[in-house]
1. Has region B:65-74 got at least one residue that is modelled with pLDDT under 70 and farther than 30 Å from A:F326 by Cα?
2. Identify all residues within region A:567-611 that are assigned to a loop (DSSP other than H, G, I, E, B), surrounded by 18 or more Cβ atoms within 10 Å (Cβ to Cβ) and at pLDDT 75 or above; write none if there are none.
3. If A:F139 satisfies all but one of (1) in a loop (DSSP other than H, G, I, E, B); (2) of a type in the set (F, W, Y); (3) at pLDDT 85 or above; (4) over 27 Å from A:T394 (Cβ atoms), what's the number of the condition it fails?
4. How about region A:18-69: which of its residues are of a type in the set (S, T, Y), in a helix (DSSP H, G or I) and more than 15 Å from A:A108 (Cβ to Cβ)?
5. Looking only at region A:464-489, count how many residues are surrounded by 20 or more Cβ atoms within 10 Å (Cβ to Cβ) and of a type in the set (D, E, K, R).
6. So A:V557 ticks every box in (1) of a type in the set (V, I, T); (2) in contact with a Leu (Cβ under 8 Å, 6 or more places away or on another chain); (3) within 26 Å of A:A216 (Cα to Cα) but one. Which box is left unticked?
7. Just to be sure I understand, how many residues within region A:72-85 are under 10 Å from A:G157 (Cβ atoms) and either out of contact with any Ser or Thr (no Cβ under 9 Å at 6 or more places or on another chain) or surrounded by fewer than 19 Cβ atoms within 10 Å (Cβ to Cβ) (or both)?
8. Taking region B:160-193 as the search range and keeping residues that are within 24 Å of B:W94 (Cα to Cα) and part of a helix (DSSP H, G or I), which one is nearest to the other protein chains (Cβ to nearest Cβ)?
Amino acid sequence: MIPELGHFALILAAMLAIAQSILPLWGAQRGDTRLMGSAAPLAVAGFIAITISFAALIWAYVTNDMTVVNVVANSHSAKPMLFKVTGVWGNHEGSLILWVAVLAGCSAAVAAFGAALPSALQARVQAVMGMILLGFLAFIIFTSNPFERIWPPPPDGQGLNPLLQDIGLAIHPPLLYVGYVGYAVTFAFAVAALIEGRVDAAWGRWVRPWSLAAWAFLTMGISIGSWWAYYELGWGGYWFWDPVENASLLPWLAGTALLHSAIVVEKREALKIWTVLLALMAFTLSLLGAFLVRSGVLNSVHSFASDPARGLFILGLLGIYVTGAFALFAWRAPSMAPAGVFAPISREGGIVLNNLLLCSITAVVLVGTLYPLFLDLLTGQMISVGPPFFNAATAPLALPLVMGMAVGPMLAWKRANLWPVLQRLWWVACMALLAFILTLTFAGWHVLSALGFACAFWLICGAAADIADRAGVGRTSLRNALNRARHLPRAAWGAAIAHAGMGVTILGVAGMGLAVEKLVAVPPGGSTQFAGYEWRLEGVRDFIGPNFTARKATITVLRDGRVVHVMEPSKRYFPTGRMTTTEASIRTSVAGDLYAVLGEERANEAGVNEAVLRLHNNPLAPWIWIGAGIMALGAAFSLSDRRIRIAAPARRRKDAEAEASA
Amino acid sequence: MSEVAKAGPKPSRRKLLVYAPLGVAAAAGLGFWAMLRGLQDGSFNPRGVPSALLGKPPPDFALPALESSGLPALASTDFRGMPGPVVVNFWASWCPPCIIEHPHLMALQRQGVPVWGVNYKDRARDAQAFLTRHGNPYARLGVDKPGRVAIDWGVYGVPETYILDRNGIIRWRFAGAITPELMAQDIQPLIRRLSAR
């Protein structure tokens, strides 16, 4: 009964989405305020219907309803409750329900926070959101219905891939989806602006918080995914340039560019066409990711069960949204005249440079990801593009980007003078140089890591220099400066925090460049020296979990004869999926991670049982993800800026009225 | 691809440039459509068999051994006069799916099926560490550091697995990590069939 209710709610949501995509748009074209006013209630009603549907699916998982195919295929009664719930979005159908739930949530949020939006803009934005929602609801209803029944019910489910039974994977997809879907809002704003034929500062002020929020969630989502790969795959790496990882990075890169160029639209009414294009691209790349992951054209660990028929449906949706939006862009963009002019050396100029570099990196990653596919299609030749290409191609673009990140925020709008800015940054440059030299002196000849440390210090100190400069340190008394710093706009603090966060992430990446590992076979009771510690294997024992059996090693880590850590890496065997996973044991401190993995157990030549241990010392590794958290925090700070908190000023009332009656 | 849209200085050029995103998107869309059509009729398969090599012997090659492993090296001459079918696996230590499929290779080796490995674009130290840590399923192991042999075989990416019959003819290929279903439905039946013949 409950699954049917969920199915019904889904169809109801699709009906509401049809109304949402037609009525407000028609109202906006005719200037009918009643029709335009229908946008917000329709969005909220659709959100409620999808929430009911989502709750019904969760209910089916929680109660182990074995008459639902989706539950049978992806759950098991012995699974812990947390993973029963998170298993809902661990598969294709369920993840789509989460996707539309988030999309409807965004649409409802636009309705809730958008009371001050001009009604025609609100109506058009909601209509575009309705169209996107409709497409994906149709996709679920016609090709991927999660509420399908099976009779007679099998005795128990097939279980969820053990690699996915993990807390990181429980929160990674929802965060990522909020990010992807957040760009649907900026996309809708861009399309609405193209229909209206104008982009102004008020538009920029509305797009910025949405792109900021989407960016913050995407940043968190990507970093948690990378953190999961780090501790769950037990390989010690944090980024593999896997096509699916790239698919999440692409909208992030385009979104980062959008975030910056939207500021220029808001402050200076320049770069309008470009910003609209970036808003279209960020969501296009999100959709492209969905297509690549779900259609089966890619070959990756992350892919969902693939099905060309589904791929064709998504491609159809992609075709409608993307070609529709780009055709509208080609038609309307030339009529948008740029208002603000600026010199090459200016804040705007800095942001243009940022955009060019970010888009170049996006292009490189996009080409690297798609090139093997298209080459195969056109010539039948098969090649692989791996980490060596991506590292070599993106690093030279990332370096000037990082250099500019400290300089850009200190430049004045419109026309700036580079020399005084560089003078204020001299101590920052000294810190970076010092970091470079110290790394080479103490860590050996690791030029790339040294360069990484230099970049990290350049960014972190650069952010500090920016805040100090704004507060007037050195030009006024310290007390006065502190007071001024407290009253700086939150957006300025947000930018500085996010840039410093990037520096912290680079610090972690550079530290990981110095990581060392050791493979050693140790008999129980034996010990080995590594990274300045003595590692003693106390023993290996059996361990029984709720839905797995495991071998668990106990390793005592000693320094100067004193116990500093006890680590328990294990290997889990899941009988339901006949799969083994490694559970690395990680001890985190500010200085880095000690990371231990249990390998094979075997008897050596003398007949003594030994366990193979892989030990890593990963200096500064946690800072990679802490940095991402700081970046997201910076975005949150910026979002709490007074300018955004107190509703963005509506366009001049008479403009809105003129538009409504036009 | 589209950053030029902003740089266009002349109004006439600018007018053309605003069509660039549409053009690129349409071309990509057509390509994806062709791929999906190919997936359905079997002509495009990122994980599948390259039509050129199926039913043929592998290209000529001779790869060096991984010194530290003590395993014999691998060359195309080794495929002549084999007692039974052989599994050839392309892998690298930097590839997470290789870790996931590794237990299946170990299972094949325990069954007595010879598994021959090609270590692809890897450092010797890392490859050895991989084998020490996860166990060694390979009876022979060639090192393809430049990745040239993989290109000749038409390897799409690691991991990738081939099954050759006793006459050294390629009978099956799969790009991607071996799954339990693939073991049960494709690999085991094919090996039984090829061994029986």
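The values are calculated or read from the model by the stated rules, or taken from the named source; none is laboratory data. The shown structure was predicted, so the numbers you read here are calculated from the model rather than taken from an experiment. All Cβ positions, glycine included, derive from the backbone under ideal geometry; neighbour counts span all protein chains shown.
1. No; the residues of region B:65-74 include none that is modelled with pLDDT under 70 and farther than 30 Å from A:F326 by Cα.
2. Within region A:567-611, A:P569, A:A584 meet the criteria.
3. (1)
4. Restricting attention to region A:18-69, the residues satisfying the condition of being of a type in the set (S, T, Y) are A:21, A:33, A:38, A:51, A:53, A:61, A:63, A:67.
If we keep only those that are in a helix (DSSP H, G or I) too, we end up with A:21, A:33, A:51, A:53, A:61.
Result: A:S21, A:T33, A:Y61.
5. The qualifying residues number 1.
6. That leaves (3) as the condition not met.
7. 6
8. Going through the qualifying residues, I end up with B:P180.
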